[in-house]
1. Evaluate segment 75-98: report whether one residue or more is surrounded by 22 or more Cβ atoms within 10 Å (Cβ to Cβ) and not in a strand (DSSP E or B).
2. Out of everything in segment 22-52 that is of a type in the set (A, V, I, L, M, F, W, C) and either at pLDDT 75 or above or closer than 12 Å to A117 by Cβ (or both), what residue ends up being least open to solvent (accessible area, probe 1.4 Å)?
3. Hey, among the residues in segment 118-175 that are modelled with pLDDT under 60 and hydrophobic (A, V, I, L, M, F, W, C), which one's surrounded by the fewest Cβ atoms within 10 Å (Cβ to Cβ)?
4. May I ask you to list pairs of residues, at least six apart or on different chains, whose Cβ atoms are under 7 Å apart, with the first in segment 60-85 being over 15 Å from L169 (Cα atoms) and without any contact (Cβ under 8 Å) to a residue 40 or more places away in the chain and the second being open to solvent by 40 Å² or more (accessible area, probe 1.4 Å) and outside any strand (DSSP E or B)?
Amino acid sequence: TRETYRRHAIWNALLAGAGGMEMYYGWTNKCHDLGCENDRTRALKFNDGRNAIAFFNEHVGERALGMVADDDLTMTRTEYVFADHGKTYVVYTRAGTPAGLSLLGESGRYSVDWYDAVAGGPLRKGSVLEIAGGPAPLEAGAPRSIRNSRFASLGTPPSGGSDGDWVALVRRIAD
């Protein structure tokens, strides 16, 4: 599906640090790899890829070269994180899913802006405008309930969007 492709192929690959990806139409589809003569059948999927590239070009740029995948910075495994620790974080999440980010051991304040992964467009403000870094990380043996309380809520994405997938861009603004 378009959602599966967007979430698990495009954004998962980009936020894991991939340099690119390939798309196969599949053999069992009516318009398959060897016989498809109408690429418009995949136009929505191509739009999702274009939106992802536009986001990186406009808002991350060459900083992406120093970023790493770090999905452990969120409360759930359904979110993807690409991080330049202490500076910039890109968090891919679904609308309606509470998004949180661990900034343990990082000082300063961070702005929170949202990008509509389905519709594209400019960055927008959600319910939370800023979050703060936290104290030093807890030891690995700390109870999960205590570790989970160390996540700063990113709030909810802006209303009026696609109500689908959203990307939070969290950037350091001050100490």
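1. Looking for residues that are surrounded by 22 or more Cβ atoms within 10 Å (Cβ to Cβ) and not in a strand (DSSP E or B), one finds none in segment 75-98, hence no.
2. Here is the first cut: in segment 22-52, the ones of a type in the set (A, V, I, L, M, F, W, C) are 23, 27, 31, 34, 36, 43-44, 46, 52.
Cutting the leftovers down to either at pLDDT 75 or above or closer than 12 Å to A117 by Cβ (or both) gives us 46, 52.
Working: F46: 93, A52: 1 Å².
In this case the residue turns out to be A52.
3. A140
4. Note: pairs meeting the criteria are R77/D71; T78/T97.
The values are calculated or read from the model by the stated rules, or taken from the named source; none is laboratory data. Bear in mind that the values here come from a model prediction, so they are computed numbers and not experimental data. Cβ sites come from the backbone with ideal geometry, for glycine too, and all protein chains shown count toward neighbours. These area figures cover heavy atoms from the full protein model, side chains too; ligands, DNA and RNA do not enter into them. Shrake-Rupley method; radii C 1.70, N 1.55, O 1.52, S 1.80 Å.
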